[in-house]
Each structure stands twice: as C-alpha cells, then as structure tokens.
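Peer 1: Before anything else, here's the structure in question.
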C-alpha cells in the first residue's frame, strides 16, 4: 500500500479477507480508518453491500473506495432491473473492475467483491489494479502482507462455514496484531442462498496468539 | 566503509569505493537505461531469515537467493555465517555490508575469546554487531539475527535490525520475506518446543516466505547449534514443504 497523495489523507489502512466455501462466502475486515497517525474511526465496517447477496470489502483511500461503491451500487441496480433478475457476482466484480481500471491513475483503492448467486454459488473476486481474478481465498489491504504465510498454510479446501469463520477471524487477528494501520474490531459477513448474516467480534473476544509474552 | 582493521593499500580501494545504490539512471549521459538493471544494481540478499531458541540451543534457517536487481546472482547462497564455534549470524540486506560486518565481528570476537581464554557469550557477539550497526547506521543496509549457544544462558537469539538496536527474543524473523510470515509464526509458535519441532517450524516458515517473496528462494539452509556443536542441513527444492493453497 503506497501513499501517493497527502500523508494525512484518510485511508482505510486495513486488512480484508474473503473465503469461498460450499454454499457461499465468508468475508471479514478490521475496523480502523486512519488519517496519518490518527485513527479517525475505530469501528468502521469495511464490508459494504453492492446488492442483496453481493458484498465488497474496501481498502486504500476511504473516499475513493466509497465513491467506487456508490457508482457500483447504482450501476448494479440498473443492470439488475434491466435483466429482471439478481445480478451475478461476476457481473458485480466486472462493474467494480471497470471503474477501477478506467480511473486507475486517479484512484487509490482496492475493492474485493464476493457473494452468492444461483449460477455458480459462492464466489470471491479480486479487482486489484483493474484486473479480475477469481480466488478461493483473497486477502487485501496493508495488513494482508503479514498473513500470506498463515493463509497459505492454514487454508484447506472444502471447509465448512464455521471453519471458514474461524479461519477468517484468526487471519484478521494476526494481521491486526502486526499492522499498525489495522485494528479495532472484526466485522464478518456470511453470504449464502438463505441471505446475509453479519457478525461483530469485539477486541476482547478475539483469539489469543503469541504476543511476545 | 568500515575502517576497523588497519587500512592497507590493497583494501583501500574497497574501503573508499562509494556504494552504488541504483540511482545511476538519473545521471545524464549514463547507459543505465540501455542495459538490464542487474548490471548496475546493488547486490542484495533479498531474503528470509529466522532463528528460534529451544532448551539446549538454537535453530537457525535461511533461504539461498542473492539478487542484483531482477537477476539471481547466487541461487545457493549461504546466509548462515559462523562468527565463532557456537555462534552464528543470519544476514539480510546488502550482501557487501553484511559480509564486511560479519568479518569484522568475527575478528573482534576471536580476539576477545583468546584474551578471556573462554568461549565468548552470544550476548557479546550480538553487542559487537549492535555497536557497528548503530555507529554506521547511515551508511549500512544490514538486518542481522545473531544466534548461538553459550554455557551461561544456553541457546539465545538476538535481533539486530536496521538502525542498530539489539533485542533478545525467543524467536526472530527477518529479511524482505519475513513480512509474509508474521501471521504464520505468531499463530504457530509455542514455548518449549523441542529441537525437531523448531526445525520443522523454521523450515515451514521459510518455505512459506519463499513462496510469496520474489527476493527469497532456492534451497532452505538450516543449522542447529547446541553444546555439542553445529549440525547443518539443506532442504532442496523438490523436498520443500508444500502447502495446499491454489
């Protein structure tokens, strides 16, 4: 995450993660928004709905990310009305990707898109730098660097919903422990055919890891 | 330039040579833009290094990649450098800087040990590294982990990162690849591991970092240092621990 503009611009420093499982996706984020050294919001939810069963996770410049979400929500709603059906997750990912790619010189935000649709079930897409890539696990934000090793070693395919929730919570906790720009509480969202289930885990309920004693 | 030892005519050239930091492209009339970046980039041990204490000694590990820009100058580098019989250092940063510092400290420690007529303490070795890395902090790019065994405190790991601080830790990771494994080591480390568990922990951590860091790769070099001596191991590419992501 390199800061191109003013150092005290409001940024969602961030750790975000999305995991696919049989029947849906689990998404998670931390809750810290920083402007330089200050934390301007310590309870911000970086998981934003794009449509009924499609969410996105925000990282980078807070303003840019919110602007992209607003545009994407509008375009998806129009698309959904025209098609007469809920949009596919890949359509939402493409909407976000096209905005990010077209304005890539001016924007400095990365959105991860995940959700459930009837055609392909749970899907996770990364839109970094204007690419479109599908993943089983996608991590992003400044804190993600610290958990590549953990995610590579701990992820197993075909995990259950509960295992995914634990995996996401552990990954976020570890990243928040090492990244100064991530912290606060853990926001989780589970998206399946039955709908969206949000969850909030407060700091004292987070798992404990090695912390230099 | 570290004029610790007497500066003779033959090493004057090395001492006085300005360090190329890869900024030559800015000079007008230079050929830097026409040639691959590795012809004028500084040699660096991109790296993942790690050291873990256990009851009776330490385990140290590193990858084996040395790069000049995008070219891998050495794919079988040994970044685990002996400083004394039972004290090693793990080197990351500029290959030249870390080799020069290690040579100087090994000399000073050897001399000190002869004067004392005793094997030196790991803390002493770490302090020597710290003195040099702090004094010349503006000129150096060196991140070093000092690890070994002595009869006073057994196995010890001291971290001397860039800037020149020194801190004792039960385990330490360093180098560019270490960013990617903070989460892994924080979640996997347990107090009271055996030597074999430490070897597995270190090998897994370095392998994960090598997967993700472009500046780390090659083979995994491991060493276990105990009262009985030093046991070295190499894990070749096809024997690396594998993980099921992707």
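Every read-out reported here was derived from the displayed coordinates using simple, explicitly stated rules and does not represent laboratory data. Because the structure is predicted, anything quoted here is derived from the model rather than measured. As a convention, Cβ positions derive from the backbone with ideal geometry for all residues, glycine included, and neighbour counts pool all protein chains shown.
Peer 1: How do A:102, A:46 rank when sorted from fewest to most other Cβ atoms within 10 Å of their own Cβ?
Peer 2: A:102, A:46
Peer 1: Okay, next question. Given a Förster radius of 35 Å and the C-beta distance between residue A:98 and residue A:166 as r, what FRET efficiency does 1/(1 + (r/R0)^6) yield to the nearest 0.05?
Peer 2: Details: r = 35 Å, r/R0 = 0.99.
After rounding, the FRET efficiency stands at 0.50.
Peer 1: Now a separate question. Give me the three principal axis extents of the protein assembly as shown from the C-alpha atoms, as integers in angstrom, largest value leading.
Peer 2: Each principal axis gives a Cα extent; for the protein assembly as shown these are 85, 59, 44 Å.
Peer 1: Further, regarding this structure: To the nearest 0.05, how large is the calculated FRET efficiency for residue B:131 and residue B:227 if R₀ is 30 Å and r is the Cβ-Cβ distance?
Peer 2: 0.65
Peer 1: Treating chain A as a set of equal point scatterers at the Cα positions, no solvent, please give the Debye-formula log₁₀ I(q)/I(0) at q = 0.19 Å⁻¹.
Peer 2: -1.41
Peer 1: When the Debye formula is applied to the Cα atoms of the stretch A:18-109, each taken as the same point scatterer, what base-10 log of I(q)/I(0) results at q = 0.12, 0.26 Å⁻¹?
Peer 2: Debye curve over Cα of the stretch A:18-109, log10 I(q)/I(0) at q = 0.12, 0.26 Å⁻¹: -0.42, -1.36.
Peer 1: A follow-up question, please. For the stretch A:133-209, I need the span (max minus min coordinate) of the C-alpha atoms along each principal axis, in Å, sorted largest to smallest.
Peer 2: The principal-axis extents, from largest down, are 36, 27, 22 Å.
Peer 1: Roughly what % of Cα-Cα distances in the stretch A:142-186 sit above 17 Å, to the whole percent?
Peer 2: Across the stretch A:142-186, Cα pairs with separations above 17 Å total 32 percent.
Peer 1: Within 10 Å of each Cβ in peptide B:172-182, how many partner chain Cβ atoms are there on average? Round it to a whole number, please.
Peer 2: Shielding by partners across B:172-182 averages 4.
Peer 1: Could you pull out which residues in the stretch B:41-79 have an amide N less than 15 Å from a spot 7 Å beyond the Cα of residue B:236, following the Cα-Cβ vector?
Peer 2: Residues passing the 15 Å test: B:76.
Peer 1: Moving to a separate point now. Residue by residue through B:184-197, how many Cβ atoms from other chains fall within 10 Å of the Cβ on average?
Peer 2: Numbers: counts 10, 6, 14, 13, 6, 2, 1, 2, 0, 0, 0, 0, 0, 0.
Counting Cβ atoms of other protein chains within 10 Å of each residue's Cβ and averaging gives 4.
Peer 1: For the stretch B:124-168, evaluate the Debye formula with one uniform point scatterer on each Cα (no solvent term) and list log10 I(q)/I(0) at q = 0.14, 0.19, 0.26, 0.28 Å⁻¹, rounded to two decimals.
Peer 2: Here log10 of I(q) over I(0) equals -0.31, -0.52, -0.83, -0.93.
Peer 1: Let me ask something else. Suppose R0 equals 22 Å. What FRET efficiency, 1/(1 + (r/R0)^6) with r the Cβ-Cβ distance, do residue B:75 and residue B:35 give to the nearest 0.05?
Peer 2: Working: r = 22 Å, r/R0 = 0.99.
E(calc), rounded to 0.05, equals 0.50.
Peer 1: Compute the Rg to Rh ratio over the stretch B:78-210 from the alpha carbon atoms, using the Kirkwood formula for Rh, and round to two decimal places.
Peer 2: Rg divided by Rh gives 0.97.
Peer 1: Show me the three semi-axes of the equivalent ellipsoid for the stretch B:205-246, from the C-alpha gyration tensor (sqrt of 5 times each eigenvalue), largest first, rounded to whole Å. Present the calculation step by step, with values, prior to reporting the outcome.
Peer 2: Details: eigenvalues 120, 22, 17 Å².
Largest first, the stretch B:205-246 gives 25, 10, 9 Å.
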